[in-house]
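FYI, it's all coordinate maths here, none of it is from the lab. This one's a predicted model, so the numbers in the text were calculated from it and none came from an experiment. Don't worry about glycine lacking a Cβ; one is built from the backbone with ideal geometry, like all the others, and counts go over all protein chains shown.
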Amino acid sequence: MQSELPECQDTNMRELLIIEEISEFTRKQWEYLKERENKMRELPIVVIDTETGGLDCNTDALLSIGAYNPKTAEEFYIQIKAADGTECGLVALEVNGLNPNEGELETNAMTMFAKWLARQGDHVIAGANVKFDIGFIEKAFERVGLRYHLSHRVLDVQSMAFMAYSLGRLELPTRDNLPRVNVDSILEALGTRREEDKHNALEDAKLTALAIQSILEKCNG
């Protein structure tokens, strides 16, 4: 999981970002979310998270996958040996604490994950900056020759948190007058935190599921 969305250093760009995020479209989306809250609680959601060797899914290794179905409490976790030809940066390894030479071969790991996902039935993929995780997972499927694509229906807790913040539903910590929407900041705003300093894909998937549920509950506020 990418730890935080890139910061925008240019003041005008910051203002543009804020204007775009709290636009009338965003407000309409929030009203829609409020109206559909009960239905969203019943959505078949699978929350995913990854730990990787860097930020580029085209060159860096996929080192672990965590997934959690909050409706059934089914979970999946696997550590993956870095595939031949992929890279691992020291900073990334310090964050996740994984040894890229340990774990399941990528071919076996991706086959097991595809089978686990299939057992979840029709579902929405959710996460934190989830396109990052989807990119690494789908690139790994491609490397091992599996024709498997994740659901095109996506729910991102960072977008939900920013929307809730912009409409006064959630108090987020800020930096340079902008809300921080990484998972740790969202959890802090919701009154909880991760237990370990090192990132773990399954723990983060479960925490993200908790954050999604908590933000949905604020729809009634």
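Worth a mention:
- Of all the criteria given as (1) touching a His at 6+ places or on another chain (Cβ under 9 Å); (2) over 29 Å from Ala114 (Cβ atoms), the one not satisfied by Ser151 is (2).
- Of residues in segment 186-209 being in contact (Cβ under 8 Å) with a residue 60 or more places away in the chain and either of a type in the set (Ser, Thr, Tyr) or not in a loop (DSSP other than H, G, I, E, B) (or both), the one farthest from Glu94 (Cα to Cα): Ala209
- Restricting attention to segment 87-109, the residues being crowded, with 19+ Cβ neighbours inside 10 Å, out of contact with any Lys or Arg (no Cβ under 8 Å at 6 or more places or on another chain) and closer than 25 Å to His149 by Cβ number 1.
- Strands (runs of 3 or more DSSP E) (entirely within segment 68-169) containing at least 2 residues that are farther than 20 Å from Gln213 by Cβ: 74-79
- Set side by side, the residues Asp49, Asp60 differ, and just one is among the charged types (D, E, K, R), within 12 Å of Asp204 (Cβ to Cβ) and surrounded by 18 or more Cβ atoms within 10 Å (Cβ to Cβ), which is Asp49.
- Flag if Gly54 is part of a loop (DSSP other than H, G, I, E, B) and among the small types (Gly, Ala, Ser): yes
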